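Q: Below: one structure in structure tokens.
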Amino acid sequence: MKHDQQKDISVIIPVFNAAACIGDLVRSLLSEQAVNMEVIVVDDGSTDETWAVLCAITDERLITLHQENQGVYAARNAALAVHRGEWVVFLDADDQITGDFLQKRLYTARTTQADVVIFNGWHVSSTGERRRAVHHRQPYVSTLTGYEWIRHCVSQKEWPHYLWLQIVRSAYIRDNNLRFQPGKSHKDVLWTVQLATGNGRFYFSDRADYLYISNPASITHRQDYYDIRATSYIDLIAEILAIGAQPQHHTVRGSLVRHALVESRHFLGLYRRKVENPQALRTLFRQRISLRQLLPGVSSLSDVFFFLKLMRKIYLPSRRQRVLAPK
């Protein structure tokens with residue numbers, strides 16, 4: 001098989017110290033013979049046996065890349081730079097897929113003539129128990145424009161920013177110049193916002209074909225990572241507001257500001273209970289985001305109460321700061 005010919009699907013999997021699970025996922029994908037695929041696994045500087053596990057799989061459909069540790073988003077960008085698929089699927093190394101995963105996704109994408117198809121999945125415990133569907137309020141078996149989807153997600157308070165539920169047309173990625181921003185966290189949310197503001201055709205399938213396994217030991221739950229997550233929320237909120245301010249997105253500006261307010265709730269939850277350096281984060285939030293920018297997102301009594309809480313916690317000087325202020 002020539003390595004320069006186009007494939008039906010490019011599966012992109014970033015990995016870091018995933019020796020225990022990446023082999024099973026790759027072999028499961030490669031077992032599908034009916035799909036002309038490439039599986040691109042980017043080893044992001046693993047220090048375990050991940051690279052050896054990948055090298056032991058002898059299949060020309062598997063493409064392995066190695067880079068110094070730069071993070072999951074840089075790894076995905078490296079794969080996007082070389083992929084040859086008509087469609088792109090993003091997976092995580094430690095999760096599981098259902099049978100004929102790629103064949104059924106490809107069939108849905110082609111028959112609906114969508115630019116992006118959003119599927120469903122299951123939250124699964126570490127013991128294998130299927131607990132709940134990933135989302136419940138999407139417009140199943142329907143096609144919406146990206147702008148319509150933004151309005152729907154914001155009004156329903158459910159925006160599934162999960163890369164592994166998406167299959168995306170490569171031409172749509174190229175036409176909208178989509179890439180992942182570098183960073184530690186939450187850039188998948190920004191990717192999905194930018195995917196939607198491209199205003200293409202989005203189809204929604206209620207087929208749950210992905211098993212998302214909860215991992216209490218994940219880095220996102222480490223105490224020393226909470227400040228990184230909070231900083232990433234600040235970046236995310238500022239970026240969403242900037243996208244909404246662009247003239248071409250004026251028809252969804254209000255919805256995007258409302259979504260920025262939702263992400264501000266997530267930030268404040270971390271800020272109030274879990275971060276180690278609240279003063280630095282408070283200062284950064286005030287530098288990047290103004291109350292005036294967020295105010296148009298207030299659309300309910302709950303929003304009013306949250307807005308006042310945000311103003312008190314972030315924008316008004318604390319009692320201690322007032323005492324220490326120079327006379």
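Read the figures in this text as sums done on the coordinates, not as results from a lab. All values derive from a computational prediction rather than experimental measurement. Methodologically, a virtual Cβ is constructed for each residue, glycine included, from the backbone with ideal geometry; neighbour enumeration extends over all protein chains shown.
Q: Between I22, I118, I289, where does the largest GNM mean-square fluctuation fall for the chain, given springs only between Cα atoms within less than 10 Å?
A: I289
Q: How much mean residue ellipticity at 222 nm does the chain get from its helices, if each DSSP H run of length 4 or more adds -39500 (n - 2.57) and you divide by all residues, to the nearest 500 deg cm²/dmol?
A: Taken over the chain, the calculation gives -12500 deg cm²/dmol.
Q: Near W122, within a Cβ-to-Cβ distance under 13 Å, what is the net charge of the other residues, with Lys and Arg +1 and Asp and Glu -1?
A: Taking every Cβ under 13 Å from that of W122, the sum is 0.
Q: Among DSSP beta bridges lying fully in the chain, give the percent that are antiparallel, nearest 5.
A: On the way: 15 of 41 bridges.
Bridges in the chain are about 35 percent antiparallel.
Q: Output the pairs from K104/K187; K274/K309; K7/K184 with a Cα-Cα distance over 24 Å in this structure; if there are none, say none.
A: K104/K187; K7/K184
Q: A follow-up question, please. Evaluate the Kirkwood expression for the hydrodynamic radius of the chain, namely the inverse of the mean inverse distance over all pairs of different C-alpha atoms, and round to one decimal in Å.
A: Roughly 21.2 Å, rounded to one decimal.
Q: Right, something else. Before anything else, pin down the relative contact order of the chain: Cα pairs under 8 Å, at least 6 apart, normalised by residue count, whole percent.
A: Computed value for the chain: 16 percent relative contact order.
Q: Restricting things to alpha carbons, tell me how big segment 67-107 is in terms of Rg and Dmax, in Å.
A: Gyration radius and largest Cα-Cα distance of segment 67-107: 12.5, 36 Å.
Q: Determine the sum of side-chain charges near R207: Lys and Arg each +1, Asp and Glu each -1, restricted to other residues whose C-beta is under 12 angstrom from that of R207. Can you show the working numbers first?
A: Values: positive: K104, R105; negative: D100, D206, D209.
Spelling it out: positives minus negatives among the neighbours equals -1.
Q: Sticking with this structure for a sec: Going 7 Å from the Cα of Q248 along its beta-carbon direction, which residues of segment 166-197 have the amide nitrogen within less than 19 Å of the resulting point?
A: Residues passing the 19 Å test: 169-181, 190-197.
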